[in-house]
1. Answer yes or no as to whether residue 185 is at pLDDT 95 or above, buried (at least 22 other Cβ atoms within 10 Å of the Cβ) and more than 18 Å from the chain's Cα centre (by Cα).
2. Give me the helices (runs of 4 or more DSSP H) completely within region 2-113, filtered to those with at least 1 residues that are of a type in the set (Phe, Trp, Tyr) and under 16 Å from the mean Cα position of the chain (by Cα), ordered by residue number.
3. Determine whether residue 159 is buried (at least 16 other Cβ atoms within 10 Å of the Cβ), free of Cβ contacts under 8 Å to residues at least 40 places away in the same chain and either in contact with a Gly (Cβ under 9 Å, 6 or more places away or on another chain) or at positive phi (or both).
4. Taking region 163-198 only, how many residues are without any contact (Cβ under 8 Å) to a residue 60 or more places away in the chain and among the hydroxyl-bearing types (Ser, Thr, Tyr)?
5. Only residues that are of a type outside the set (Gly, Ala, Ser) and crowded, with 17+ Cβ neighbours inside 10 Å: list them for region 218-235, please.
6. In this structure, is residue 219 within 15 Å of the chain's Cα centre (by Cα) and outside any loop (DSSP other than H, G, I, E, B)?
7. How many of the residues in region 50-87 are within 15 Å of residue 39 (Cα to Cα), touching a helix residue (DSSP H, G or I) at 6+ places or on another chain (Cβ under 6 Å) and of a type in the set (Gly, Ala, Ser)?
Amino acid sequence: MADTFLEVNLQHLYDNVTCVKKYLHPDTQVMAVVKSNAYGHGSVEIAKALLQDVACFGVGLLEEAVELREAGIDKPILLMGPTYDFERVCKHNIMISICSINHLEQVVKWTSNHQKTIRYHLKVETGMNRFGIAYNEAKTAIDLCQAATYGKLEGVYSHFATTYKSDKDFVGQQKRKFDQFVEFFKSYKDPLIFHMANSENTIDYKDAHYNMVRLGNALYGPCNSQKRIGLKKVACLKGNICYEKPVKAGENIGYGRSYKAKKDMIIGIVSMGFYDGIGLMKKPIGSKMFGLWIYYLKEIYRYMFRSKTPIYYDSKPLEILGRPNMQYTIVDITDIDKVQGETIEVEIRISPIFIKENIRRTYIAEV
């Protein structure tokens with residue numbers, strides 16, 4: 001079977017970090033978010049590549065943090081989702097997020113009973129309504145933290161529900177709420193790290209930097225920020241045409257006879273299908289009607305005015321013939337000039353987040 005692999009350009013990764021750092025105060029730290037397999041790029045290799053460029057790493061699941069530790073990553077790791085597996089947290093020296101007063105009480109009790117230290121950041125609620133304590137619980141939280149013998153509060157953070165680009169008023173409202181927490185926790189016995197900005201708001205909203213920012217999307221390429229700062233796409237999915245054959249005009253192609261050849265043509269088979277991410281897209285679930293309308297209008301625009309295929313050869317789009325299969329996709333290669341027997345390498349433009357982990361990742365240091 002033809003080899004398909006995700007090529008990850010580490011030089012572009014370094015360039016993106018450098019690019020964003022130009023917008024930061026010299027004392028502002030960077031957390032590299034490597035959750036969900038570093039957005040599909042390979043969390044271990046991305047973390048190893050960034051060891052000298054960031055202060056710490058952020059993950060969403062305990063298993064992701066443990067994987068980094070077992071791979072030799074020794075920098076601080078913040079688990080941003082809740083966990084109650086305090087034994088594993090201690091074993092692997094992972095910072096956790098405290099998401100409620102009850103959660104904090106359990107950490108304080110466990111660390112006291114076992115005489116083991118757990119480092120943690122306190123997640124506070126400012127408007128996203130996912131995880132976090134409310135402002136009226138802040139005094140209870142700080143009293144518990146101050147009295148804890150083994151638990152160690154190291155930071156306070158929150159999460160923007162939207163971007164400065166799309167809703168400045170709500171972003172500003174959230175920041176003002178977070179500022180209240182910041183002022184309150186400045187009375188804590190030790191200096192703390194305060195962080196709220198994700199990639200887009202790091203670029204567009206300098207007032208939200210505090211003393212650390214969290215970079216996810218911006219590490220891996222252009223993100224949904226208002227400013228365009230020269231971020232480079234880090235990953236490129238590549239594969240080969242594993243089979244080719246002539247098809248006569250009028251013959252059917254694919255499942256459900258979903259395409260009829262309009263002319264004599266040469267078709268090529270790419271050994272990737274919807275199982276691997278081709279043809280998949282994010283769909284809004286639970287959105288308001290207005291949001292759904294906006295989503296579908298964007299899809300209509302993309303269909304009418306942009307390339308309808310994610311598969312390219314020599315920067316030129318290859319038409320997909322019929323529906324992508326589970327593991328194969330059929331494309332038109334009639335107009336490709338090649339030497340007899342030469343392998344045709346194609347570029348498949350889909351988000352790495354959709355690409356299965358069994359697809360090989362290769363890492364290059366430069367173009």
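1. Values: at pLDDT 95 or above: yes; buried (at least 22 other Cβ atoms within 10 Å of the Cβ): no; more than 18 Å from the chain's Cα centre (by Cα): yes.
No, not satisfied.
2. Details: elements: 10-21, 35-39, 43-49, 62-70, 86-91.
Result: 35-39.
3. On the way: buried (at least 16 other Cβ atoms within 10 Å of the Cβ): yes; free of Cβ contacts under 8 Å to residues at least 40 places away in the same chain: yes; either in contact with a Gly (Cβ under 9 Å, 6 or more places away or on another chain) or at positive phi (or both): yes.
Yes.
4. Summing the residues that are without any contact (Cβ under 8 Å) to a residue 60 or more places away in the chain and among the hydroxyl-bearing types (Ser, Thr, Tyr) in region 163-198 gives 3.
5. In the first step, residues of region 218-235 are kept if they are of a type outside the set (Gly, Ala, Ser); the result is 219-220, 222-224, 226-229, 231-234.
Selection gives 219, 220, 223, 231, 234.
6. Values: within 15 Å of the chain's Cα centre (by Cα): yes; outside any loop (DSSP other than H, G, I, E, B): yes.
Against the criterion (within 15 Å of the chain's Cα centre (by Cα) and outside any loop (DSSP other than H, G, I, E, B)), residue 219 qualifies.
7. Selection size over region 50-87: 1.
The rows are residues; the columns are (1) in contact with a Gly (Cβ under 6 Å, 6 or more places away or on another chain); (2) touching a residue at least 24 places away in the same chain (Cβ under 8 Å); (3) closer than 23 Å to residue 163 by Cα.
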| position | (1), (2), (3) |
| --- | --- |
| 111 | yes, yes, no |
| 116 | no, yes, no |
| 124 | yes, yes, yes |
| 127 | no, yes, yes |
| 133 | no, yes, yes |
| 137 | no, yes, no |
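The values are calculated or read from the model by the stated rules, or taken from the named source; none is laboratory data. What you are looking at is a predicted structure, and each value in this text was computed from that prediction instead of being measured. Please note: Cβ atoms are built from the backbone with ideal geometry, for glycine as well, and neighbour counts cover all protein chains shown.
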